[in-house]
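Enquirer: Once you've had a glance at the structure underneath, I'll fire off some questions.
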Amino acid sequence: MSISTSDLERVIREAGVIALDYFKALKHIEITKKAPRDFVTEADVAVEAFLKKELTGRYPQFGFWGEESGKTENQSSRWVVDPIDGTHSFSKGQYFWSLSVALEIEGEMEFGAVYAPAFDDYYWAQKGQGAYKNGERIHVSSETNLADAMVSTGFACLRSYLTDNNLARFCRIAQVTAGQRRLGSAALDLCLVADAQVDAFWEQELNLYDVAAGALIAKEAGATVTDFKGNPGIFPKQILVTNGKVLDQILPLM
Ligand code: IPD
Ligand code: CA
Ligand code: CA
Ligand code: CA
């Protein structure tokens, strides 16, 4: 599978410039609510349109699935794109949001990139070839003690969560870890595990476009990517990503 990772970086960084232009003019852009707690702005739509045009133009053999425009015909090998992950934060002028682009071929994530334009941090990975942040190789943390660990989550008291007692799960974890974070962009949360900035991340009720790229980057940086029972794989509806050294301590709490 021949893709140009340097050309993809150029395209994704260019999409980041488009996002930043909107970010600098927030007062003038329209923000609408697709569903409770799910917002979309003109920036999400414009960034996705740009990425769709550039990616399908360069690689017509791959389909496209974007959060805002949906799925094209070919879904066996496809770009999986979240044009802005963390739209609510973006709309408030916060910096913790990102663009997420993954290439899935026959069910396997082959390439993933998460770009945070406000920090100018570009994370990327290709299957089997390691994970990088701004050109430097990155690895998960060496933290072995959950009591000293920092755990991030996208936890929310959504009605669907309450049936699975998510609040109790959050409290169990919060009681035994040194710190929790709810940062607002699942794609970037996953990159922070890859970059040893947090030691584990968990969330429920995500979609593949939220996690496809970040999960590959985390895995290539040495993270475990499982469901809440420890089964390996990318499970957007129930994802747990750790530095591997605290997995056995956190699983009983999930
Ligand atoms: C959201 C972010 C957030 C997560 C939400 C997602 P969006 O993505 O990833 O961190 O907790 O569940 O929907 O909607 O801003 O692309
Ligand atoms: Ca959304
Ligand atoms: Ca998202
Ligand atoms: Ca989004």
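Enquirer: Calculated from DSSP H runs of 4 or more alone, at -39500 (n - 2.57) each and per residue, what is the 222 nm mean residue ellipticity of the chain, nearest 500?
Expert: Details: 8 runs with 82 residues, N = 254.
Helices in the chain give a 222 nm mean residue ellipticity of -9500 deg cm²/dmol.
Enquirer: With θ set to phi - 60°, apply the Karplus curve 6.51 cos²θ - 1.76 cosθ + 1.60 along the range 232-239 and write out the HN-Hα couplings as whole Hz, x wherever there is a Gly or Pro.
Expert: Ordered by residue, 3J(HN,Hα) equals x, x, 9, 10, x, 7, 7, 10 Hz.
Enquirer: At a threshold of 8 angstrom on Cα-Cα distance, excluding pairs fewer than six apart, so keeping six or more, what relative contact order does the chain reach in percent? Walk me through the numbers on the way to the answer.
Expert: On the way: 567 pairs, mean separation 40.1, N = 254.
Reported as a whole number, the value is 16 percent.
Enquirer: Largest first, please: the extent of the C-alpha atoms of the range 211-254 along each principal axis, to the nearest Å.
Expert: Principal axes ranked by extent give 27, 22, 11 Å for the Cα atoms.
Enquirer: What share of all Cα pairs of the range 104-254, in percent, falls into each consecutive 5 Å distance bin?
Expert: Computed distribution, short to long bins: 2, 11, 21, 24, 21, 12, 7, 2, 0.
Enquirer: For T32 and E136, FRET efficiency with R0 = 45 Å and r from the beta-carbon atoms, rounded to 0.05? Before the final figure, lay out each step's value.
Expert: Working: r = 38 Å, r/R0 = 0.85.
Result of the calculation: an efficiency of 0.75.
Enquirer: Tell me the volume per residue, in Å³, of the convex hull enclosing the alpha carbons of the range 5-138.
Expert: Working: hull volume 14.5 nm³, N = 134.
Hull volume over Cα atoms, normalised by residue count, gives 108 Å³.
Enquirer: Could you pull out the GluC sites (Glu not before Pro) across the range 184-240 that fall in loop regions by DSSP (anything but H, G, I, E, B) with no more than 16 other Cβ atoms inside 10 Å?
Expert: Working: sites: E203, E205, E220; in loops: E205.
Filter output for the range 184-240: E205.
Enquirer: Okay, moving on. Considering every Cα-Cα pair within the chain, what fraction, in whole percent, is farther apart than 31 Å?
Expert: Details: 6381 of 32131 pairs.
In whole percent, the share of Cα-Cα pairs in the chain beyond 31 Å is 20.
Enquirer: Could you give the length gained on full extension between Q61 and V176, defined as 0.36 nm per residue of separation minus the Cα-Cα distance, in nm?
Expert: Numbers: separation 115, 0.36 × 115 = 41.40 nm, distance 4.81 nm.
36.6 nm is the gain from fully extending Q61 to V176.
Enquirer: Using alpha-carbon positions, what is the distance between the centroids of the range 86-161 and the range 197-224, in Å?
Expert: 6 Å
Enquirer: Nothing charged except the Cβ atoms of Lys and Arg (+1) and of Asp and Glu (-1): what's the magnitude of the dipole of the range 1-105 about its Cα centre? Round to the nearest 20 debye. Write out the running numbers ahead of the final one.
Expert: On the way: 13 positive and 16 negative charges, 35 e Å.
Here the range 1-105 has a charge dipole of around 160 debye.
Enquirer: Rounding to the nearest 20 debye, state how big the charge dipole of the chain is about its Cα centre with +1 on each Lys and Arg Cβ and -1 on each Asp and Glu Cβ.
Expert: Details: 25 positive and 34 negative charges, 98 e Å.
About 480 debye.
Enquirer: I would also like to ask the following. Of the cross-linked pairs K133/K245; K127/K245; K33/K127; K53/K133, which ones have a Cα-Cα span greater than 29 Å in the structure shown? List each step's numbers first, then the result.
Expert: Working: K133/K245 22 Å; K127/K245 22 Å; K33/K127 35 Å; K53/K133 25 Å.
Violating the 29 Å Cα-Cα cut-off are K33/K127.
Enquirer: Can you tell me how much longer the chain between Q75 and D121 gets when fully stretched, taken as 0.36 nm per residue apart minus their C-alpha distance, in nm with one decimal?
Expert: Details: separation 46, 0.36 × 46 = 16.56 nm, distance 2.91 nm.
The span from Q75 to D121 would gain 13.6 nm if fully extended.
Enquirer: Here is a follow-up. Which distance in nm do the two modelled labels at E9 and A49 give, with both placed 7 Å along the Cα-to-Cβ direction?
Expert: Each label point is offset 7 Å from its Cα along the Cβ direction, giving 2.9 nm.
Readers should treat all values here as calculations from the given coordinates under stated rules, not as data from a laboratory. Note that this is a predicted model, so its numbers are computed, not measured. Quick reminder, even Gly has a Cβ in these numbers, built from the backbone with ideal geometry, and neighbours come from all protein chains shown.
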